[in-house]
Amino acid sequence: MSVRRLAPVQPASFAFSADNLAWVDKQIAKYPEGRQASAVIPMLWKAQEQEGWISEPCIRWIADRLGMPYIRVYEIVTFYTMFHMAPVGRTHVQVCGTTPCMLRGAGDLIDVCKKRMGPHAKQVTQDGQFSWEEVECLGACVNAPLVQIFSDTYEDLTVESFNALLDAFARGETPKPGPQIARVHSAPEGGATTLTEVES
């Protein structure tokens with residue numbers, strides 16, 4: 001993993017929209033007095049949904065709202081690769097690069113990203129549509145290789161199916177997430193191999 005730092009150019013301020021602020025208040029209310037800091041990850045995720053990334057003013061706003069030191073929120077943002085610390089493309093592709101995915105073709109997916117989006121991670125295409133990065137485990141090793149786009153994973157990818165997926169996003173479509181082959185969730189490829197008899 002590379003060192004994660006805040007973007008050098010930051011906005012002057014951050015504020016949630018009225019709807020998102022109401023959502024934030026409901027999240028904080030779920031926790032008992034003195035435990036409001038437990039809402040930090042949901043708040044960061046909602047902020048990223050709104051802005052596309054997490055800025056320093058956003059970190060400070062959330063820390064102030066939860067009564068946390070700024071550094072504690074910064075530590076969370078830098079630890080979890082799901083949080084973007086700089087602006088990314090409208091379709092940001094996170095390619096799982098851990099061992100199971102690499103053994104099943106993640107390197108080829110990274111090559112596609114470099115060819116289509118640029119040679120460097122987090123480089124935004126000129127039209128602002130795409131960016132990519134390699135991340136640690138996305139938690140669906142049995143369906144390797146996979147990528148995460150927004151909050152969805154797209155699994156069992158090949159170079160061909162990955163290119164088709166990116167083409168669909170480029171057209172403004174939202175492809176169906178999950179396995180991109182004929183399997184249900186994480187069931188074996190080709191269907192069940194055990195417990196196949198139905199009891200009468």
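Since every read-out is calculated from the coordinates, none of them should be taken as a lab result. Computed from a predicted model, the values in this text were never measured in an experiment. Note that we place each Cβ from the backbone using ideal geometry, even for glycine, and neighbour counts take in every protein chain shown.
So the values come out like this:
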{"read-out": "Built amide H within the under 5 Å cut-off of residue 178, gap 5+", "value": "153, 154, 155"}
{"read-out": "Residues of type aspartates and glutamates that residue 115 reaches as a straight line, Cα spacing below 16 Å, ignoring anything fewer than 8 places off in the same chain", "value": "127, 133, 134, 160, 167"}
{"read-out": "Inverse mean reciprocal Cα-Cα distance (Kirkwood Rh) of the range 1-107, Å", "value": "15.1 Å"}
{"read-out": "Stretch gain in nm, segment residue 9-residue 150, where the contour uses 0.36 nm per residue and the Cα spacing is subtracted", "value": "48.4 nm"}
{"read-out": "For 43, 85, order by how many other beta-carbon atoms lie within 10 Å, fewest first", "value": "85, 43"}
{"read-out": "For the chain, radius of gyration divided by Kirkwood radius, i.e. Rg to Rh on alpha-carbons", "value": "1.03"}
{"read-out": "Cysteines in the chain lacking a second Cys C-beta under 4.7 Å", "value": "58, 113, 137, 141"}
{"read-out": "Selected from 99, 88, 179, residue furthest toward positive end of dipole (the chain; charges at beta carbon)", "value": "88"}
